[in-house]
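Values in this text are rule-based calculations from the coordinates and carry no lab data. The model shown is predicted, which means the values in this text are computed figures rather than measured ones. Cβ placement follows ideal geometry from the backbone for every residue including glycine, while neighbour counts extend to all protein chains displayed.
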Amino acid sequence: MSNPWIAIGALAVVAIVIPVSMIVVSSLIRPSVPEQGKTAVYESGEIPTGDTRIRFNIQYYMIALLFVIFDIETVLIFPWTVIYSDAVSQFGMGSALLPMLIFIGVLGIGLVWAWRNGAVRWIGSDRARETTGGA
Amino acid sequence: MTFTETISSLLPISGPIADFIGGAVASLLIISFLMSLVAVSGIWGKRKITAAFTDRIAVNRHGPFGLLIIVADAVRLLSKELIVPDGVDRPAWDLGPLVMTSSALLGFAVIPMGDLFGLNLQIADPQAGLAYVFATASIASVGLVMAGYSSNNKYSMLGGLRAVAQNLAYEIPLVVTGVSVVLFAGSLQLSEIVAAQGETLVSLGGVAIPSWYAFVNPFAFILFMIANLAEVGRNPFDVPEAPTEIVAGWQTEYSSVYFVLCYLSEFIHIFLGGAIIATIFLGGPAGPFLPGFVWMVIKILGVYLFTQWCRSAIPRVRIDQLIEIGWKGLLELSFANLVLTAVIVGLL
């Protein structure tokens, strides 16, 4: 039984080499005809206005913070699911399930709190709220 | 014995180097197969399916059933001029499509593709297989953000930000629903999850129904299918691209070979999603009469057909609705599913 991660590493190398070789082949056969105006960014045919890299309202930043917490929680659930059926037959259902129920319950209460405080929603801009009467 | 071990045992040498060569040859074969599957279903099949849904004929002039359009399109797209727009953030703009394509291919390292002529076509079978496959499937959103932010285009940036919002909303329901099958199987190793689904659930009139987790727990299956549609970004959850709102989203500024890579990565991602669904809910390569590999491809293409069906039939949700569906609906349902499954497994 060889180490499976060697084969996965080999696949990673192949998975990078194939797209790179496609880029190389394409660079050999494609034409290059630089013309004025061709390199302008696409804005539906208009002349581009303003800068793209402006300060932008990320309307889901609270959700992103919540996501980090829940993401770590799923990592902690993974090992529990693996040993669960063995644990039930060895120690009984109560001691296998109850700690995880408490753990999920604490997070559930946290989610309800965040929900009631309005964290789990798309935060509309002031202008959108004026025009549509709330977002 | 995995595909890698079969090939490396043919080599005159042994040890890590032989394993590496075996793995490289095995992955070259599997990836070539995937590329041709993408070529057939992405260039030709997609047009035919969409045409069938919208009562058209689509390509029919190039060879039988228009199949030679695959060759024509591949050559055409690769030989297009690459237009680099003003002010793009160069290393990130080049790396974005590469990250998306490579990460989507990475997931196939652990997928049990089934038997063909006595060969087991699984490249590697690590114990943490399911965790690994979920991890690789979500790397693609890093590529989406790189592409979206570095393109110096307002549509691209909106597309990249929407891709993040979508991932935040659907990653947790997807993973939590996915691990609920581990409660039955008791292992993250994909070959063992497949083996655990081989037992007979019930016998109906002499026909043994296998205990595929889609039959054992249809609720989890439906949840996973919905979350997977969002993961691969197809209707009703195609907000990162949203052709009628933001042109093409994060891929607006990509042309030539980079466009090919973006397109390729999307399809390989759909196939990876299909392969995960087939492995953990549809018994992997199991099926009567035909070789396992053929069944696996049929199941993957079945999921692909489902995504194309949704693409033609279901309207897109708004981005704020998507956040609400994800966090106020699917998340709660997926945890309810996990707890219910745990109770059922505990009582049985």
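List of remarks:
- Residues of region B:276-317 with amide N under 19 Å of a point placed 7 Å along Cα→Cβ from residue B:204: B:281-284, B:286-289
- Average beta-carbon neighbours from other chains, 10 Å sphere, peptide B:20-28: 6
- Normalised by residue count, region B:13-53 yields a Cα convex hull volume of 46 Å³ per residue.
- For residues of A:57-63, the mean tally of beta carbons on other chains within 10 Å: 4
- For the pair region B:75-106 and region B:32-73, the centres of their Cα atoms are 23 angstrom apart.
- The calculated FRET efficiency for the pair residue A:28 and residue B:328, based on their C-beta separation and a Förster distance of 56 Å, comes to about 0.60.
- Residue-averaged [θ]222 nm for chain B, counting only DSSP H segments that reach four residues, each worth -39500 (n - 2.57): -20500 deg cm²/dmol
- Charge tally around residue A:2: other residues with Cβ under 15 Å, Lys/Arg +1 each, Asp/Glu -1 each, net -3.
- Rg followed by Dmax, in Å, when region A:4-132 is reduced to its Cα trace: 26.0, 75
- Translational diffusion of region B:1-79, µm² s⁻¹ [Kirkwood Rh, Cα pairs; Stokes-Einstein; 4 °C; 1.567 mPa s]: 86
- Taking chain B as a Gaussian network of alpha-carbon nodes connected by springs under 10 Å, the highest mean-square fluctuation of the residues B:305, B:29, B:130 belongs to B:29.
- Ordering B:66, B:25, B:3 by Cα displacement along the dipole of region B:1-79 toward the positive end leaves B:66 in first place; charges were set at the Cβ atoms of Lys, Arg (+1) and Asp, Glu (-1).
- Helix A:61-91 axis, angle to chain A major axis (alpha carbon atoms, nearest 10°): 40
- Annotation: amide H-H contacts under 5 Å for residue B:201 (H modelled 1.01 Å from N, sequence separation of 5 or more, or interchain): B:209, B:211.
- With bins 5 Å wide beginning at 0, the percent of Cα pairs of region B:62-107 falling in each bin runs 5, 16, 13, 16, 19, 15, 10, 4, 2.
- Calculated FRET efficiency, residue A:68 to residue A:3, Cβ-Cβ distance, R0 = 35 Å: about 0.65 to the nearest 0.05.
- Projected label distance in nm at residue B:28 and residue B:84, using a 7 Å step from Cα toward the beta-carbon: 3.1
- Of the residues B:87, B:218, B:341, the one whose Cα sits farthest towards the positive end of the charge dipole of the protein assembly as shown is B:87 (charges of +1 on Lys and Arg Cβ, -1 on Asp and Glu Cβ, taken about the Cα centre).
- The trypsin sites (Lys or Arg not before Pro) found in region B:256-348 that occupy coil by DSSP, while having at most 15 further C-beta atoms within 10 Å, are B:318.
- Each 20 Å bin from zero up to the one holding the largest Cα-Cα distance in chain B carries the following percent of pairs: 28, 58, 14, 0.
- Length added when fully stretched, residue A:89-residue A:57, from 0.36 nm per residue minus Cα-Cα: 6.3 nm
- Highest-first arrangement of B:166-174, B:139-147, where packing means the average Cβ count within 10 Å: B:166-174, B:139-147
- The charge dipole of the protein assembly as shown, taken about its Cα centre with unit charges on the Cβ atoms of Lys, Arg (+1), Asp and Glu (-1) only, comes to about 880 debye.
- Residue B:195-residue B:74 pseudo-label distance in nm [points 7 Å out on the Cα-to-Cβ vector]: 3.8
- Each peptide in B:99-112, A:29-42 receives the mean, over its residues, of other Cβ atoms within 10 Å, and ordering these scores from highest gives B:99-112, A:29-42.
- The protein assembly as shown: translational diffusion in µm²/s, Stokes-Einstein, Kirkwood Rh over Cα pairs, 4 °C, 1.567 mPa s: 54
- Average beta-carbon neighbours from other chains, 10 Å sphere, peptide B:140-152: 1
- Fewest-first ranking of B:216, A:88, B:176, using other Cβ atoms within 10 Å as the exposure measure: B:216, A:88, B:176
- For the set B:46/B:299; B:48/B:154; A:38/B:46, the pairs lying more than 24 angstrom apart at their alpha carbons are B:48/B:154; A:38/B:46.
- Surrounding net charge for residue B:181, when Lys and Arg each add one and Asp and Glu each subtract one, Cβ distance under 15 Å: -2
- Grouping the Cα pair distances of region B:43-179 into 5 Å bins from zero gives a pair-distance distribution of 2, 8, 11, 12, 13, 16, 18, 13, 6, 1, 0 percent in increasing distance order.
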